[in-house]
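Quick notes on the structure that follows.
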Amino acid sequence: MAKKSATEQSAAEASYGADSITVLEGLEPVRKRPGMYIGSTGPDGLHHLIKEIFDNSRDEAMAGRCNQIEVVLLPDGYVRVADNGVGIPVGIHSKTGVSALQTIMTVLHAGGKFGEAGGGYKISGGLHGVGASVVNALSTHLVVNVHREGGEYLQEYHIGKPVADVKKIGKSDTNGTIVMFKPDDTIFSSIQYSWPRIISHYREQAYLVKNLRITLVDARNVTQKIPTDKVYWIRDEMELMCPSQTFYFEGGVVSMVRHYTAHDEPVHKNIFYVEKQIGDMIVECALRYIDDINPKIIAFANNISTPGGGMHVTGFKTSLTRLINKYATKNKVLTEKEGTFQGEDVLEGIVAVISIKMPEIQFEGQTKDKLGSPEARGAVETVFGEAFEEFLEKNPDDAKDIMKKMVLAMRARKAAKAAKDSILRKGALEGMTLPGKLADCQSKKADESELFIVEGDSAGGTAKQGRDRRIQAILPLRGKPLNVERARMDRMLGNQEVKNMIIALGTSIGTTFNIDDIRYHKIIIATDADVDGSHIRTLLLTLFYRHLRPVLDAGHIYIAQPPLYKVKYGKEIHYAYNDDEKQSILVKLGVSSDDVIENPEEAGEEGGEEVVEETEKKGKKAKGEVSAAKKGKVLIQRYKGLGEMNSEELWETTMDPSRRILKQVTVTDAVMADDIFTTLMGTDVPARKSFIQTNAKMAEIDV
């Protein structure tokens with residue numbers, strides 16, 4: 001690299017001085033880097049806005065000052081959250097010189113969650129005090145109504161800036177806060193909320209705060225005018241014909257465990273439960289074992305879901321393993337030869353909810369995915385350990401059934417390990433070579449390599465012809481892979497299709513899994529657009545979710561989106577991925593329905609004077625390639641499978657990185673996803689039937 005001259009160096013230094021440092025004021029940092037505050041500007045970040053406002057109301061409930069919260073999705077992208085807490089203070093703040101309400105809504109790190117002076121909350125889900133102000137910054141319009149001390153107060157904001165000072169607009173005989181906001185559609189990729197996702201999250205919150213009534217209303221499609229400035233509780237005070245849910249649980253986390261085990265066979269009769277304060281922390285835990293091989297641990301810290309686990313989960317697992325082994329030794333459950341239970345033995349089939357509430361809580365990041373407070377581990381170990389030991393002693397029948405479950409789990413683990421080791425040793429003798437059906441790519445760089453898992457040998461052969469050999473590998477599937485929902489490792493590795501995929505990925509599986517060894521950063525599932533294709537896709541996703549979860553979490557799994565239609569008009573060819581796109585193409589071509597011939601290869605008499613056009617695309621005749629004798633005819637071919645395309649069509653529509661459409665698979669709600677996989681792939685037939693009937697209207701049916 002050429003060195004800069006002294007003159008150039010001096011000029012560079014002069015241009016980078018004190019004035020080069022940009023200072024973002026007020027809420028500008030939030031709009032400049034929203035991902036730092038809400039995680040992303042996609043669906044996760046959008047839903048996080050509601051959580052931030054709701055959490056403030058929920059903290060009121062945890063402090064014993066609120067027993068009702070209502071969340072309403074309104075037309076035009078607005079969201080309204082109302083509570084009957086004490087109301088945000090509206091007096092002048094001594095440090096900012098403006099009202100406390102305006103301070104909370106416009107200043108980062110301001111709120112009733114810091115120190116004794118502002119001590120509005122001893123226990124709070126908020127850590128950084130940025131929630132309300134961040135929502136304000138990322139909204140085009142926000143209105144706050146405060147009912148407090150006999151008066152109603154209002155302040156309005158546009159893009160985080162107050163339109164005017166807080167003003168009293170009338171008298172009020174209630175207390176509480178109403179926040180209504182509209183997310184900024186120039187920041188978020190979409191401002192369309194997911195109703196099922198909202199229901200799942202706020203049902204959890206109702207379990208976690210006993211005797212709190214949470215009402216959800218989806219009024220986005222309501223045509224009648226909703227007087228949001230005059231009505232306090234929209235669901236109670238208006239008759240709206242729209243979806244709504246109300247959650248209220250007196251049983252707390254016991255009700256939650258009962259909910260998540262409703263479709264399973266319980267191993268023991270009584271649900272374990274403990275709630276106890278230790279120091280300034282409150283530990284609450286409930287658990288039940290079910291006839292399953294997968295554990296389900298749902299953890300919360302100050303009512304914030306912590307899917308990444310953390311110190312409270314570590315304390316729970318450590319205490320559980322130690323206690324079970326202590327009980328087993330005392331009651332001679334295991335022989336000396338069998339040794340002791342391992343962590344995976346005592347966790348098999350467990351459904352547990354762990355909730356800890358504590359002041360000065362520490363999360364890893366603003367999105368609060370993992371609890372970092374080290375004192376939480378000791379608190380959970382002590383409270384859970386003492387209570388669960390007492391539970392086993394007082395409920396000998398339950399203890400006996402739990403021990404039977406764990407003994408079976410231990411023996412199955414050892415048998416599975418022996419079988420797996422045998423399979424892997426055999427593979428090692430064969431050199432652990434890549435499966436013969438795999439057409440690997442030339443590149444050895446995982447970050448640019450792609451693996452297409454293709455349904456059927458026919459489509460696999462076409463994909464091998466049409467691919468970019470440098471970066472694209474093809475693995476055809478013969479038949480349907482194993483349903484691994486309740487399959488142990490030995491049975492999984494004994495299935496050739498599953499074994500081929502694991503060897504092709506390079507990560508191994510189980511205790512030897514290592515995501516750093518993955519051979520492809522894009523794993524693309526390509527199946528037909530029919531019932532069988534959907535089933536195969538679900539079986540593959542079950543494998544990744546249950547046994548290769550880090551691959552899914554890393555964002556490596558994609559679903560291919562092949563077109564449904566090929567539209568040919570003279571020499572013009574267009575591809576449509578749904579019926580709306582097909583109609584749009586026909587409109588652009590300016591043709592009438594009389595000029596359209598659907599599925600010309602099947603048209604017969606309706607097709608008129610049509611002949612099959614021979615093609616020489618890589619030596620294969622394209623099905624349905626028809627030229628119309630009559631000028632102006634539009635030929636539409638409906639694809640029902642990948643095998644109906646020739647290699648060039650498959651490349652153009654489904655494999656070419658510059659033109660294809662891929663859907664990345666993510667897990668936004670691990671508990672809900674776990675529940676769905678259990679329902680769809682488990683043994684409870686009535687539950688699966690009910691799920692299908694309930695969600696049938698959302699299905700895209702291939703006729």
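The values are calculated or read from the model by the stated rules, or taken from the named source; none is laboratory data. Since we're looking at a predicted model, the values are computed, not measured. Neighbour counts are summed over all protein chains in view; Cβ atoms, including those assigned to glycine, are modelled from backbone coordinates with ideal geometry. Areas reflect the complete protein model, heavy atoms only, side chains present, ligands, DNA and RNA absent. Shrake-Rupley method; radii C 1.70, N 1.55, O 1.52, S 1.80 Å.
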**Q.** Unmet requirement for ARG546, which otherwise passes all of (1) buried (at least 16 other Cβ atoms within 10 Å of the Cβ); (2) under 21 Å from LEU650 (Cα atoms)
**A.** (2)
Q. Which ones in region 199-220 are within 24 Å of ASN145 (Cα to Cα) and not aliphatic (A, V, I, L, M)?
A. TYR202, GLN205, ARG213, THR215, ASP218, ARG220
Q. Do we find that LEU240 is hydrophobic (A, V, I, L, M, F, W, C), in contact with a helix residue (DSSP H, G or I) (Cβ under 9 Å, 6 or more places away or on another chain) and surrounded by fewer than 17 Cβ atoms within 10 Å (Cβ to Cβ) in this structure?
A. yes
Q: Take region 50-105 and flag every residue that is open to solvent by 30 Å² or more (accessible area, probe 1.4 Å), touching a residue at least 24 places away in the same chain (Cβ under 8 Å) and basic (Lys, Arg).
A: LYS51
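Residues are listed down the side, and each one gets a yes or a no for (1) in contact with a strand residue (DSSP E or B) (Cβ under 7 Å, 6 or more places away or on another chain); (2) outside any helix (DSSP H, G or I); (3) of a type in the set (A, V, I, L, M); (4) modelled with pLDDT of 80 or more:
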| site | (1), (2), (3), (4) |
| --- | --- |
| GLN9 | no, no, no, no |
| THR22 | no, yes, no, no |
| ARG31 | no, no, no, yes |
| ASP44 | no, no, no, yes |
| HIS48 | no, no, no, yes |
Q. List pairs: first in region 319-337 and without any contact (Cβ under 8 Å) to a residue 40 or more places away in the chain, second open to solvent by less than 100 Å² (accessible area, probe 1.4 Å), Cβ under 7 Å, 6+ apart or cross-chain?
A. THR321/PHE341; THR321/GLY343; THR321/VAL346; ASN325/THR340; ASN325/PHE341
Q. Would a scan of region 186-206 turn up a residue that is over 22 Å from the mean Cα position of the chain (by Cα) and open to solvent by less than 70 Å² (accessible area, probe 1.4 Å)?
A. no
**Q.** Members of region 223-249 found to be in a helix (DSSP H, G or I) and basic (Lys, Arg), listed by number
**A.** ARG235
Q.
Criterion first (surrounded by fewer than 23 Cβ atoms within 10 Å (Cβ to Cβ), farther than 23 Å from VAL217 by Cα and not aliphatic (A, V, I, L, M)) does PRO43 satisfy it?
A. no
Q) Do we have GLN465 as modelled with pLDDT of 75 or more and open to solvent by less than 10 Å² (accessible area, probe 1.4 Å) here? A) no
Q: Of the numbered conditions (1) over 18 Å from ALA82 (Cβ atoms); (2) in contact (Cβ under 8 Å) with a residue 12 or more places away in the chain, ALA164 fails exactly one; give the number of that condition.
A: (2)
Q | Candidates VAL274, VAL254, VAL283, filtered to the one that is hydrophobic (A, V, I, L, M, F, W, C), out of contact with any Ser or Thr (no Cβ under 7 Å at 6 or more places or on another chain) and outside any strand (DSSP E or B) | A | VAL254
Q: Please list, ordered by first then second residue, the pairs with beta carbon atoms under 6 Å, 6 or more apart or interchain, first in region 178-192 and over 25 Å from LYS230 (Cβ atoms), second hydrophobic (A, V, I, L, M, F, W, C) and surrounded by 21 or more Cβ atoms within 10 Å (Cβ to Cβ).
A: ASP184/LEU138; ILE187/LEU138; PHE188/LEU46
Q: Within region 330-355, count every residue that is assigned to a strand (DSSP E or B) and either open to solvent by 30 Å² or more (accessible area, probe 1.4 Å) or under 17 Å from LYS404 (Cβ atoms) (or both).
A: 1
Q: Being over 30 Å from GLU649 (Cβ atoms), outside any helix (DSSP H, G or I) and not β-branched (Val, Ile, Thr) is the filter here, so list the residues in region 459-500 that pass it.
A: LEU482, ASN483, GLU485, ARG486, ALA487, ARG488, GLY494, ASN495
(Q) Name the residue that is nearest to ARG31 (Cα to Cα), counting only residues in region 156-175 that are at pLDDT below 95 and surrounded by 20 or more Cβ atoms within 10 Å (Cβ to Cβ). (A) GLY160
Q.
Condition (residue is in contact (Cβ under 8 Å) with a residue 60 or more places away in the chain and open to solvent by 50 Å² or more (accessible area, probe 1.4 Å)) applied to region 497-510: is it met by at least one residue?
A. no
Q. Within the group ILE282, ILE298, ILE278, which residue is surrounded by 23 or more Cβ atoms within 10 Å (Cβ to Cβ) and either at pLDDT below 95 or small (Gly, Ala, Ser) (or both)?
A. ILE298
Q: List the number of the failed condition for LEU323; all other conditions in (1) in a helix (DSSP H, G or I); (2) under 17 Å from VAL257 (Cα atoms); (3) of a type outside the set (Ser, Thr, Tyr) hold.
A: (2)
Q.
Looking at (1) open to solvent by less than 40 Å² (accessible area, probe 1.4 Å); (2) of a type outside the set (Lys, Arg); (3) assigned to a loop (DSSP other than H, G, I, E, B), which one does THR215 not meet, given that it meets all the others?
A. (3)
Q) How many residues does region 521-543 contain that are open to solvent by 10 Å² or more (accessible area, probe 1.4 Å) and modelled with pLDDT of 90 or more? A) 2
Q. When the residues of region 198-215 are filtered to those that are in contact with a helix residue (DSSP H, G or I) (Cβ under 6 Å, 6 or more places away or on another chain) and among the hydrophobic types (A, V, I, L, M, F, W, C), which remaining residue is nearest to VAL71 (Cα to Cα)?
A. ILE214
Q. Could we say that THR314 is more than 29 Å from the chain's Cα centre (by Cα) and under 23 Å from GLY378 (Cβ atoms) here?
A. no
Q. Looking only at strands (runs of 3 or more DSSP E) that fall completely inside region 127-197, which ones have 3 or more residues that are within 16 Å of LYS51 (Cα to Cα) and among the small types (Gly, Ala, Ser)?
A. none
